[in-house]
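Heads up: the structure comes next, in structure tokens.
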Amino acid sequence: MKTASRIVGTAAVLEGLVAQDSPVYGAERRGAPLSAYVRIARTPIFERGLIPAPDLVVVADDTLLDDPAVRPLAGLGPTGALLLATAHGADAVRAHTGHPGPVVARDFLGLALAEVGTAAAVSTALGVAAGVLAGLGPDAVTAAVRGELAALGLPAPAIDAGLRLADLARAGLAPLALGAEPHERAGADGRVVDVAWAPAETGAPTIVAAPNTPLRRTGSWRLFRPVIDLERCTRCWICFVRCPDGAIRLLADDTPRVDYEVCKGCLICLEECPPRAIRRERETRTWAAAGAAR
Amino acid sequence: MTAPPAMLTGNAAAAWGARLADVDYVPAFPITPQTEIVEQLARWSAAGEIAARVVTLDSEHSMLTAAGAAAATGARVFTATSSQGLLYGLELLYTVAGWRVPLVLVNVSRGVASPITLEPDHDDVLAARDAGWLQIHAETCQEVVDSVLLAYRVAEDPRVRLPAIVNLDGFTLSFTREPVELPAAAVAAAYLGPYAPRHTAIRAGRPMAQGVAVLGGAAYSYFRYQMHLAAENALAVHEEAAAAFAGLTGRRYGLVDGYRLEDAELVLVMSNSFATKGRAAVDRARVDGVPLGLLRLRVLRPFPRDAIRRALAGRQAVAVLDQNLSVGAGGITVTEIAHALYAEPARPRLLAYVGGLGGKEIGEAEFRRIVHDLRTAAATGEVPAPRLLFTEAEAAQVGALLRLAGKAAAS
């Protein structure tokens, strides 16, 4: 999504506008939710950091809609637009989110996999689509894709594939009247409060609750699920040993079993399996299943 | 048609500053959110795009030793760190400043442990404020690259000869891209010229002792106070260097920076990248008819006492928003500003706030609270107690975390 934000930011500058784009990283490992912000203006931008009330929210993974730790639509007002990579249609998204504003929902991940062959390329598709919805010109968006993919160090064939994906991603999309409505100034009605002294039992950064990391279900991070072919599996334990998250356990007869509520889909097991007994299958969850996965 | 400016992060801008300064040596050690700077310089060095030698050391302590030692041979040296790394190297910050070696260090601000975090406030860089390094604090990515060049020019000036820190905020500048105009290499070269010191230029055939030991206090006092006098010289040298820079690029930097100050009766004082949000707060207040302006602290060491006094004398009320915390004392810059204003007959009411710790958002409600307090102070003379900027929603968020941690929620 950092690349998506950079495609939009670069395209805006190529159009003679002022832009600011910024990703936010945490300390999480690969696959964790990541956000990025883009501001576009005709005058110098006097803001920094997160955007409390965005005109357009782009979501690359529809399971994030239901993640209480992410809440990507939290700042989206009723007239704001939602751009979503999902195998579900726009009507299903409207029904699921209740969002009354414009919704653009397509299987951008499927496009990326078909045209480029990597899930990461979904960021190219979404950057292009967001640029079109924001009213940035096609030449600027194309130049931005070329520039940002080159800046990632991709070889020429991968850049060409990205440009083909860009054409597929923008097909049929038209600019929305983003920012036409005055901003609801989020946070403007907050109240500044006093912070009182607390005893060190509370006021020092300690955790006394029982270990709760296992309660954090990370299965929704997965774009692909590893599936073990038990006919070919030799019970060698390699997948069990290599899994960085302990998401594979061994049954009494040494048969490996993936815990799909925890597995993040890193596919290290697939790469490590000596007899190639693990394959990947793309995840397309139903809304209900996504909810149940928590 | 001129080419549009490049979209660069603050980290990329810092690396470009070192590249344009044509540095000779870059001792490095990684730390978030700084690492991209030395990674970029290492890539350029490996590709032969810059002449600098980039060497990874085993710690920031060693890194700063290497930086000072290389600078003591007359090399132009650049290095970068952040937060815990700066603190780990703190002993050497003091030590190499006394060697009078004008190297430049970029600090990417990040709150210090504990609790450990990644996002910015200025407790790291301000811990180094007494170490003998000049300090320039940048608001934008453009200012980062420009300030690295300015820093070399001021630090290397024979009237100064002290090292310099250029500070930029982690995340809000380090990873944020903005349009940046890069000075041409020839312009930067003409601006800086070659660095050819005589006071620190160890050669095999020309031995000299540097950083010698002294006892008894008199010699120590003399040499330490020489650092102070040299730092004070940097005020005038910075103004000259900034004027020369403006002549070449059209971009002018003051010791302090003002926004809508001309007719401001109330002033908000901030520094670094969150000052950009202060500009928006000034614009909102102006819409409501409130005569608010912004003063941004840019050069923190030497402390530009006169420039601050001139900017604030005669105003009705001034609110200093420190994005730092001296535990047990409060905000750091507000006490220095109070010192600058103390002898001023027309000194304003002075309000103290601490906000944005660990990169915490400073939202409209918090700025509105400051404006409310400023207006009250101007009208009644009443100055509220120093305050942490913290909202009801944030208190609720922390309360939820405390409950998750198995602790009784605080009020």
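Checking B:Leu388 against (1) under 25 Å from B:Leu300 (Cα atoms); (2) in contact (Cβ under 8 Å) with a residue 40 or more places away in the chain; (3) within 14 Å of chain A (Cβ to nearest Cβ), which test does it fail?
(2)
Restricting the search to the stretch B:353-399, which residues are in a helix (DSSP H, G or I), among the charged types (D, E, K, R) and closer than 23 Å to B:Gly289 by Cβ?
Of everything in the stretch B:353-399, those that are in a helix (DSSP H, G or I), among the charged types (D, E, K, R) and closer than 23 Å to B:Gly289 by Cβ turn out to be B:Glu364, B:Glu366, B:Arg368, B:Arg369, B:Asp373, B:Arg375.
Among the residues of the stretch B:285-318 satisfying the criterion of being of a type in the set (Lys, Arg) and without any contact (Cβ under 8 Å) to a residue 60 or more places away in the chain, which is surrounded by the fewest Cβ atoms within 10 Å (Cβ to Cβ)?
So, considering only residues that are of a type in the set (Lys, Arg) and without any contact (Cβ under 8 Å) to a residue 60 or more places away in the chain, the one surrounded by the fewest Cβ atoms within 10 Å (Cβ to Cβ) is B:Arg310.
Answer yes if at least one residue in the stretch B:29-43 is under 22 Å from the mean Cα position of the chain (by Cα), surrounded by fewer than 22 Cβ atoms within 10 Å (Cβ to Cβ), of a type in the set (Ser, Thr, Tyr) and within 14 Å of chain A (Cβ to nearest Cβ), and no otherwise.
Within the stretch B:29-43 (the criterion being under 22 Å from the mean Cα position of the chain (by Cα), surrounded by fewer than 22 Cβ atoms within 10 Å (Cβ to Cβ), of a type in the set (Ser, Thr, Tyr) and within 14 Å of chain A (Cβ to nearest Cβ)), the answer is yes, since at least one residue qualifies.
Quickly run through the stretch A:228-252 and pick out the residues that are under 30 Å from A:Ser35 (Cα atoms) and buried (at least 16 other Cβ atoms within 10 Å of the Cβ).
A:Cys243, A:Ala247, A:Ile248
Residues of the stretch A:207-227 being within 31 Å of the chain's Cα centre (by Cα) and exposed (fewer than 15 other Cβ atoms within 10 Å of the Cβ), which ones?
A:Ile207, A:Ala209, A:Ala210, A:Pro211, A:Asn212, A:Thr213, A:Pro214, A:Leu215, A:Arg216, A:Arg217, A:Val227
Tell me, which strands (runs of 3 or more DSSP E) lie completely within the stretch A:1-68 with 3 or more residues that are modelled with pLDDT of 95 or more and more than 9 Å from every other protein chain (Cβ to nearest Cβ)?
A:35-41, A:56-59
Check the stretch A:70-89 and report whether any residue there is free of Cβ contacts under 8 Å to residues at least 40 places away in the same chain and either under 23 Å from B:Pro120 (Cα atoms) or in contact with a Phe, Trp or Tyr (Cβ under 7 Å, 6 or more places away or on another chain) (or both).
Yes: the stretch A:70-89 contains one or more residues that are free of Cβ contacts under 8 Å to residues at least 40 places away in the same chain and either under 23 Å from B:Pro120 (Cα atoms) or in contact with a Phe, Trp or Tyr (Cβ under 7 Å, 6 or more places away or on another chain) (or both).
When A:Leu84 is evaluated against the numbered criteria (1) crowded, with 21+ Cβ neighbours inside 10 Å; (2) in contact with a Leu (Cβ under 6 Å, 6 or more places away or on another chain); (3) not hydroxyl-bearing (Ser, Thr, Tyr), which criterion, by number, is the only one it fails?
The single condition A:Leu84 does not satisfy is (2).
State the number of residues belonging to the stretch A:74-109 that are of a type in the set (A, V, I, L, M) and in contact with a strand residue (DSSP E or B) (Cβ under 6 Å, 6 or more places away or on another chain).
Total meeting the criteria: 11.
Go through the stretch A:195-210 residue by residue and tally those that are among the small types (Gly, Ala, Ser) and not in a loop (DSSP other than H, G, I, E, B).
2
Within the stretch B:164-171, is there a residue that is under 30 Å from A:Ile7 (Cβ atoms) and surrounded by fewer than 23 Cβ atoms within 10 Å (Cβ to Cβ)?
No.
So, of the residues in the stretch B:339-351 that are more than 20 Å from the chain's Cα centre (by Cα) and among the small types (Gly, Ala, Ser), which turns out to be farthest from B:Gly381 (Cα to Cα)?
B:Ala343
Just checking, how many residues over the stretch A:117-132 are among the hydrophobic types (A, V, I, L, M, F, W, C) and surrounded by fewer than 23 Cβ atoms within 10 Å (Cβ to Cβ)?
Total satisfying the criteria: 2.
Table: residues versus (1) under 29 Å from B:Val180 (Cα atoms); (2) in the same structural domain as B:Thr65 (by TED's automatic domain parsing); (3) surrounded by fewer than 24 Cβ atoms within 10 Å (Cβ to Cβ); (4) in contact with a Phe, Trp or Tyr (Cβ under 7 Å, 6 or more places away or on another chain).
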position	(1), (2), (3), (4)
B:Tyr94	no, yes, yes, no
B:Val106	yes, yes, no, no
B:Ser114	no, yes, yes, no
B:Gly132	no, yes, yes, yes
B:Ala138	yes, yes, no, no
B:Gln142	yes, yes, yes, no
B:Leu150	yes, yes, no, yes
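Give me the residue from the stretch B:141-179 that is of a type in the set (Asp, Glu) and more than 15 Å from the chain's Cα centre (by Cα) and, out of that set, farthest from B:Leu92 (Cα to Cα).
If we take residues in the stretch B:141-179 being of a type in the set (Asp, Glu) and more than 15 Å from the chain's Cα centre (by Cα), then B:Glu178 is farthest from B:Leu92 (Cα to Cα).
The values are calculated or read from the model by the stated rules, or taken from the named source; none is laboratory data. Keep in mind it's a predicted model, so treat the numbers as computed, not measured. Here the Cβ is made from the backbone with ideal geometry for all residues, glycine too, and neighbour counts use every protein chain on show.
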